[in-house]
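Following: one structure in structure tokens, then a few remarks.
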Amino acid sequence: MTSTYGGDVEVSAHGLPEWLLPVARLAETIEPRQLSRFLPPPQGGGRPSAVLVLFGEGADGPELLLMERSGSLRSHAGQPSFPGGALDPEDGDPDEEGPLRAALREAEEETGLDPSGVQVFAVLPRLYIPVSGFVVTPVLGWWRRPSPVGAVDPAETARVFTVPVADLTDPANRATTVHPSGHRGPAFLVGSALVWGFTAGVIDRILHFAGWERPWDRAKHVSLDWRA
């Protein structure tokens with residue numbers, strides 16, 4: 001599966017490691033409602049944005065790149081997330097290559113990674129974050145040539161870290177939490193962080209549809225102020 005967006009951003013699943021193929025396959029058939037009940041407004045609107053869901057191979061096997069947003073930010077302060085953000089005009093058309101360019105650009109700006117070492121292999125359906133009004137395209141990548149990463153701007157990023165997929169699938173690290181809006185959703189206690197909200201929802205659905213999910217206690221609840 002290979003396609004080109006805007007003539008310069010290639011999307012290809014060629015040469016992916018065997019363990020990552022289930023994620024590439026799910027991206028070909030998954031429907032928006034299978035990912036989230038929060039979908040872009042049918043009448044349009046919302047701010048186009050993108051996140052990079054980047055899989056790599058670390059010392060403990062397959063892993064996922066995450067970052068913790070600065071506590072001083074206006075939106076999603078202090079929250080672990082995928083690298084990403086709103087599209088800039090130079091990223092291009094939001095309905096074509098724009099989200100791919102934005103995901104790679106934002107990841108470079110926030111974590112310092114070298115985009116040339118990332119192989120984009122799929123794009124998931126656009127989702128919606130009601131609290132911030134973002135219409136988000138999850139861009140799936142394989143970290144073919146890893147590069148050093150870290151918080152580039154402390155005003156935006158508190159830290160950058162990787163989480164082994166094995167930790168994400170470990171039932172002991174899984175729970176549910178309640179968003180201030182009242183929405184109950186999945187959460188992960190990993191990497192000395194509580195991953196919740198939009199990011200946890202996407203991870204949860206990827207684990208499920210890739211066949212990686214292990215039975216876990218959905219009655220286990222963790223508070224958002226779990227460190228208190």
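Worth pointing out:
- When you restrict to C-alpha pairs under 8 Å that are six or more residues apart and normalise by the size of the stretch 1-163, the relative contact order lands at 29 percent.
- Under 5 Å from the amide H of THR157 lie the amide H atoms of SER70, each residue being 5 or more positions distant or on a separate chain, with H modelled from the backbone and absent for Pro and chain starts.
- Under 5 Å, built H, 5+ apart or other chain: amide partners of ALA151: VAL160
- Principal axis extents of the C-alpha atoms in the stretch 108-228 (largest first, rounded to whole Å): 42, 35, 28.
- Here the stretch 106-172 is treated as an ellipsoid with the same Cα gyration tensor; its semi-axes, largest first and in whole Å, are 20, 18, 16.
- Considering only beta bridges that DSSP places wholly inside the stretch 1-163, some 75 percent are antiparallel.
- Taken one residue at a time, the phi angles of the stretch 33-40 give Karplus couplings (6.51, -1.76, 1.60, θ = phi - 60°) of 5, 6, 8, 6, 8, 9, 10, x Hz. Gly and Pro are set to x.
- Nearest-10 value in Å² for the accessible area of ASP225, using the 1.4 Å probe: 100 Å²
- Taking amide H positions as modeled 1.01 Å from N, with prolines and chain starts lacking one, no residue 5 or more places away or on another chain lies under 5 Å from LEU16.
- Residue of GLY61, GLY191, GLY150 that the Gaussian network model of the chain assigns the largest fluctuation, springs spanning Cα pairs under 10 Å: GLY61
- Residues in the stretch 1-163 average 46 Å² of solvent-accessible surface per residue, probe 1.4 Å, ligands and nucleic acids excluded.
- Between ALA200, ALA187, ALA155, the residue with the greatest mean-square fluctuation in the GNM of the chain (Cα pairs under 10 Å linked by springs) is ALA155.
- Reciprocal mean inverse distance between Cα atoms of the chain - Kirkwood radius, Å: 17.7 Å
- Karplus 3J(HN,Hα) series, Hz, for the stretch 134-140 with 6.51 cos²θ - 1.76 cosθ + 1.60 (x for Gly, Pro): 7, 9, 10, 9, x, 9, 8
- Within a Gaussian network of the chain (alpha carbon springs, distance under 10 Å), most fluctuating of SER49, SER81, SER116: SER116
- Here the chain is assigned +1 on the Cβ of each Lys and Arg and -1 on the Cβ of each Asp and Glu. Its dipole about the Cα centre then comes out at about 1000 debye.
- Carbon/sulfur fraction of accessible area - the stretch 134-228, other protein chains in place, 1.4 Å, %: 56 percent
The values are calculated or read from the model by the stated rules, or taken from the named source; none is laboratory data. Keep in mind it's a predicted model, so treat the numbers as computed, not measured. When we count neighbours, we look across all protein chains shown, and the Cβ atoms used for this are built from the backbone with ideal geometry, even at glycine. The accessibility values were calculated without ligands, DNA or RNA, using every heavy atom of the protein model including side chains. Shrake-Rupley method; radii C 1.70, N 1.55, O 1.52, S 1.80 Å.
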